[in-house]
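In what follows, a single structure is set out as structure tokens and then discussed.
The values are calculated or read from the model by the stated rules, or taken from the named source; none is laboratory data. These figures come from a predicted structure and were not determined experimentally. Don't worry about glycine lacking a Cβ; one is built from the backbone with ideal geometry, like all the others, and counts go over all protein chains shown. For the accessible areas, the whole protein counts, side chains as well, though only heavy atoms, and no ligand, DNA or RNA atoms are used. Shrake-Rupley method; radii C 1.70, N 1.55, O 1.52, S 1.80 Å.
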Amino acid sequence: MAKNKDKYYNTRGLKGLLGEVRRPNNFKVVIEGIGADEANLELIMQRAFLPKVTLNPIELRHGNEALKFAGAASWEGGQITILDTLSKKELNLLLDWFNETYDTETGTLGLASNYKKTATIYEYAADGRYERSWPLEGVWISSTDLGTLDATSDALKEISFVLQIDPSPLRPKYKDNKDVEYTEDTATNKTEV
């Protein structure tokens, strides 16, 4: 009997990592070369972004129709939100980095070679393994929000920064895990009830 070519995959026979799903709360962001000692900065993060890229369509009109082609790629960073700790070191390093872009005392803009940094966003499993990393190039702070004060709240104080990025490889790097392949055990051509 010939095998059915129209197989689909379900989760019943999944073995190994195919049954595990990444969670959005297992991540860290590391920014390289911050401060006078060019250290890597890792903060207590609440929220972060993953890179986005959009191909802007170019429309070519011909008669009563229009064809679309891929135009320039537009890269979008995003917002990171950190907890405002009692230590002054983390905030001062971030503000020093922002001042490399725009010096708030003199009103001058910095040189891109000084303020653009390299960063990596790491995702990992609940047990800390199966790391996936997203390298980012040309990272710089375009906006800061130092948070709000509220005498009626007992929430944790947060600080937010908007990071811009340059074109970066849109392919993650993996550590600690091999690709999991589907086998005949995970493929089926009938629905089990």
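Taking region 30-58 only, how many residues are open to solvent by 50 Å² or more (accessible area, probe 1.4 Å), modelled with pLDDT of 90 or more and closer than 23 Å to ILE121 by Cβ? Residues in region 30-58 being open to solvent by 50 Å² or more (accessible area, probe 1.4 Å), modelled with pLDDT of 90 or more and closer than 23 Å to ILE121 by Cβ: 8 in total. Tallying residues that are on the phi < 0 side of the Ramachandran plot, exposed (fewer than 14 other Cβ atoms within 10 Å of the Cβ) and of a type outside the set (Lys, Arg) within region 59-82 yields 15.
For (1) surrounded by 16 or more Cβ atoms within 10 Å (Cβ to Cβ); (2) at pLDDT below 90; (3) closer than 19 Å to GLY35 by Cα, each residue gets a yes or a no:
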{"residue": "ALA119", "(1), (2), (3)": "yes, no, yes"}
{"residue": "TYR122", "(1), (2), (3)": "yes, no, no"}
{"residue": "TRP134", "(1), (2), (3)": "yes, no, no"}
{"residue": "THR152", "(1), (2), (3)": "no, no, no"}
{"residue": "ASP176", "(1), (2), (3)": "no, yes, no"}
{"residue": "ASP179", "(1), (2), (3)": "no, yes, no"}
{"residue": "THR183", "(1), (2), (3)": "no, yes, no"}
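When region 139-167 is filtered for residues that are of a type outside the set (A, V, I, L, M, F, W, C) and touching a helix residue (DSSP H, G or I) at 6+ places or on another chain (Cβ under 8 Å), the ones remaining, listed by number, are SER142, THR144.
When GLY110 is tested against the conditions (1) open to solvent by less than 40 Å² (accessible area, probe 1.4 Å); (2) under 17 Å from the mean Cα position of the chain (by Cα); (3) modelled with pLDDT of 95 or more, the lone failure is (2). Pairing residues of region 102-129 that are closer than 17 Å to ILE141 by Cα and without any contact (Cβ under 8 Å) to a residue 24 or more places away in the chain with residues that are surrounded by 12 or more Cβ atoms within 10 Å (Cβ to Cβ) and of a type in the set (D, E, K, R), at Cβ distances under 9 Å and at least 6 apart in sequence or on separate chains, gives LEU109/ASP103; GLY110/GLU100; GLY110/ASP103; LEU111/GLU100; ASN114/GLU100.
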